[in-house]
Structures are given as C-alpha cells and as structure tokens.
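The values are calculated or read from the model by the stated rules, or taken from the named source; none is laboratory data. Please read these numbers as outputs of a predicted model, since none were measured by experiment. Here the Cβ positions follow ideal geometry from the backbone for every residue, glycine too, while neighbour counts run over all protein chains shown.
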Amino acid sequence: MKQKFLIILGIIFLSIGFSYGQKDSIKVKFDLSVRYRFELWDGMNAKNYGDNSINAIGKLDDKLLYQRIIPGVTVDFTKKITAAAHLQDSRAFGWSLRNSEYPDLFMVKKAGTTTPYYKMNPGEEFFEIYDFFVEYRKILPNTTAKLGRQKIFYGDNHIFGPGDWGNTGRWTWDALKISWKKDKKTLDIFAGGTKIHDPEKLSLPFTQTEFWGGGIYGHFPIKKLLYFEPFYALKTQGSADYIKDQDIFRNWLGFRAVAPDSSALIWDFTLAKAFGNDNGKTIDAYGLFAKLGYQFRDLWAKPIISIRESYASGGKKTDSKIRTFEPAFGASDKYYGWMNIMQWSNLDDREFVLELFPVKKMWVEIKYNWFYIPVPDDVKVLNTMILQDGKHHLGDEFNTFIRWQAFKHWQFVAVFGYFWPKEIKNINNKPPENASWMAVQVLFTI
C-alpha cells in the first residue's frame, strides 16, 4: 500500500512538472538532498547510559551510518502559487537500536502494556512523505498562505524548531500557516498537527498525528535597540493510537528579546510560561534562556565568547500540579548538548561558549555544559542515571561542532562530545564511567 501510494504521488507531480514545464509562466525544479552521517559511540546510546549487562538495551559502543535521502519536485505555477512534494527515506546501518532488532523500543504507550501505541523513531523512517504543500503568496496584501505538510520554525528554534539534526526530523507539521510580512516586521499564525515517525507506516497528511495544535510567532524591531518576538503555542492530543485517548491541553506564552545584528554586544533572552492541563492535572511551569556575550570583530576568526543559562522548572510526580516544564515544539541538542542527554525540562544548564568563523561559511562552536537537575526526585536519565540522595549535579558535557558550507551543493560537519557523570548512583553496582561520541556528516543538495 505504501509503495503504491508513493509511486502514484510521484507520477502525479512528475506529470504536473512535465505538462506545465514548457509554459513560460511555469517553473519546475527537481530537488535532491542526500545526507550521510557516521557516528561512533562509547559508553552510551539513545536509550541507555553505562549499562552493558546481558539485559541492557542495545550496545554502548555503536558504530553506525545514518542515511537520509529526500527527492522531490517544486513547481512555481505562477509568481504567486507554488506547490511541492518530497519523499524521505531514513535508514540507520549498523545501529544496535534499529527497528529490525528492537521493533518495540520507540513505542509510545502506557507502561506495562503493548497496545495501543504509536512510534517516534528518531533514526529510521522508510519511504515517507517529507512535505506536500501548496503556497499562495499575496493572497492578501503582505500575506501568504501555505497548506499541507511542511517544516515550521522561528527565531532561535527554542519554541518552534524542525529538529533536523535527528535522522527523521523531530517536528513535521500538517498545517495551514498564514504569514504576514512588512519591512522587517513579521507575524505568523498556524494550526494543524505534528506527524509520528513509524518506520513501517505511511503517514498521510493530517492523519496519524502525535499532537494537534498550533501557534503564533511575531518578529518586530524596536527602533535599533532590539528585536522583540512574542509567541504562543498550543498542544493537544493527536489522532494516533494511544495518544488520541489522552486529555491534553498544554499552552506556552512568552517572548524572546534579542540584540540587533549590528551589535558587537550579544544578548538574547527567552521566557516561556506553561499552563493548561494534562490528564486531569493543571500545569504551572516555566522555562527561560539567557545569553550574554561579545564578538571581537577585529580579531582573526571574529570570535564570540558568551555565557548561557537554560532553566526549566521541575516537579515531583506526586505534586497536585504539573510543575515540570515541557518544551513545546523546539530544538534540543543545539542548546542542551549535542549528545542529546538532556532537554529543556527540569533543567539548570550553565554553559560557556566560544564561536569562531575562521573561513567563509564556516562556523565552529566549542562549549562546556554543566547539567543540574532542580528537582531530582523521580528522575532517571537514559534509563540508568539516578542522582544520589540530596544531589543535583548530573554531569558535564564538552562539545566541538564544526560546520562548513565548502561548495554550493556540499556541506561538511564534524562533531565531538564527551560527558562526565557526576553525582550519580552506581550503575549495576559499578561507578558510572565517562562516555564519548564522534560524528562526521556530508550533505549534498540540489
């Protein structure tokens, strides 16, 4: 069924492209994105830290190759109307947690049960619809409408981000988005659902959603002093099995204020208040991000030195209210360590960051994270890390990230991460050991 649908989808868009491509007003572009990333893990994996016992989940010394291929077509029917359709095939060769070895590992379901469920696999998704949308520009003055499967992200990706570092892409929307833009002022309003990531199921647009929801995001310059970005996000239960029976009404309201691009003094502040209810409990939580730094533009590589703080409130499962902040639809690894140990939830993450620009189109980030857990009760990280009684310091992480757009169609990435567990209880009666990770990525796009 999946293969037949994809073949039909491809034929329809190829037919549109070829039938209209000869007309002067129609422009057809065939797109291709191919990404390979080799990863070398030592001491942990996506579901387990430091446990190499017989019953452990996967291997701690994974050597794997991620492959992601996105082919498709974009058709400009007029200067105002564009349609696009792309497929995505994501595979993980040599991964100890691959779907063929652990078909149930990335199920989201009630603890102790097998059904109902849906899957959120970060590494594998075979022959899926990447995007499928139509966009109408200037439907009203300064206004664009976009309907269908699409990526939606704003600002620094804290609240709304694509999550594209993962092999399947964390957040993909089936939505209607209305965008208004005038000069440097923008305002977007959208509503729809976010898709699941099941390697064995085709997710048609507006079906098999993990969440229904939407958001509002603005971007407004305040003279030459700053950019002000107010936002609102909403998340309710989707249509996929298991989650459709939940009772979720989560809201995030807040703003981001950031220094103008021309300023050598760099500062950035985001505050988000979470409220609503989740399965009978009211929500009272908050998260914030603060950054202060300076760029030395007269020095080689134009270095930026900054300190950052990411804080998210925490709580106990026995609390009458939910006080643990949950991130909305934002990025994770970019801010809370590239090894993906932490996310913006029950977190006190202190960072020192050095950024360099040694050659054109190259970005180097060197950073050190100190991870603390505000409310350590009931916390288990990667299935094994439990804080010692009365302690808060989970561990430290060092990262080096290099991205170089070497040529028009070629991008290269190299990453190294190292994690030191700190105030952690023994794992299998042994003190927890350090873990490391390396990755090399090549991206080709046309």
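The table below lists the values:
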read-out	value
Given (1) over 15 Å from the mean Cα position of the chain (by Cα); (2) surrounded by fewer than 20 Cβ atoms within 10 Å (Cβ to Cβ); (3) of a type outside the set (V, I, T), number of the condition Y217 does not satisfy	(2)
Among the residues listed as A414, A435, A439, the single one being aliphatic (A, V, I, L, M), modelled with pLDDT of 95 or more, closer than 16 Å to V381 by Cβ and surrounded by 13 or more Cβ atoms within 10 Å (Cβ to Cβ)	A435
Index of the failed condition, G155 passing every other in (1) touching a residue at least 40 places away in the same chain (Cβ under 8 Å); (2) in a strand (DSSP E or B); (3) over 13 Å from the mean Cα position of the chain (by Cα)	(2)
Filter result (over 19 Å from the mean Cα position of the chain (by Cα), hydrophobic (A, V, I, L, M, F, W, C) and either within 17 Å of Y232 (Cα to Cα) or surrounded by fewer than 15 Cβ atoms within 10 Å (Cβ to Cβ) (or both)) within region 242-260	I248, F249, L253, F255, A257
Scope region 261-299; condition under 24 Å from the mean Cα position of the chain (by Cα), polar (S, T, N, Q) and either farther than 17 Å from E229 by Cα or not in a strand (DSSP E or B) (or both); matching residues	N277
Residues of region 140-165 classified as more than 26 Å from T207 (Cβ to Cβ) and either of a type in the set (V, I, T) or surrounded by fewer than 17 Cβ atoms within 10 Å (Cβ to Cβ) (or both), total	4
Members of region 106-133 that are outside any strand (DSSP E or B) and either among the β-branched types (V, I, T) or more than 12 Å from R68 (Cβ to Cβ) (or both)	F106, K109, K110, A111, G112, T113, T114, T115, P116, Y117, N121
Among residues of region 100-143, those that are of a type in the set (F, W, Y) and over 26 Å from N167 (Cβ atoms), counted	1
Residue that is closer than 24 Å to F106 by Cα, more than 20 Å from the chain's Cα centre (by Cα) and part of a loop (DSSP other than H, G, I, E, B), where the choices are D389, D378	D378
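A quick yes/no check of all residues on (1) surrounded by 21 or more Cβ atoms within 10 Å (Cβ to Cβ); (2) under 18 Å from M438 (Cβ atoms):
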site	(1), (2)
Y36	no, yes
M44	yes, yes
N52	no, no
D61	no, yes
I70	no, no
T82	no, no
L87	no, no
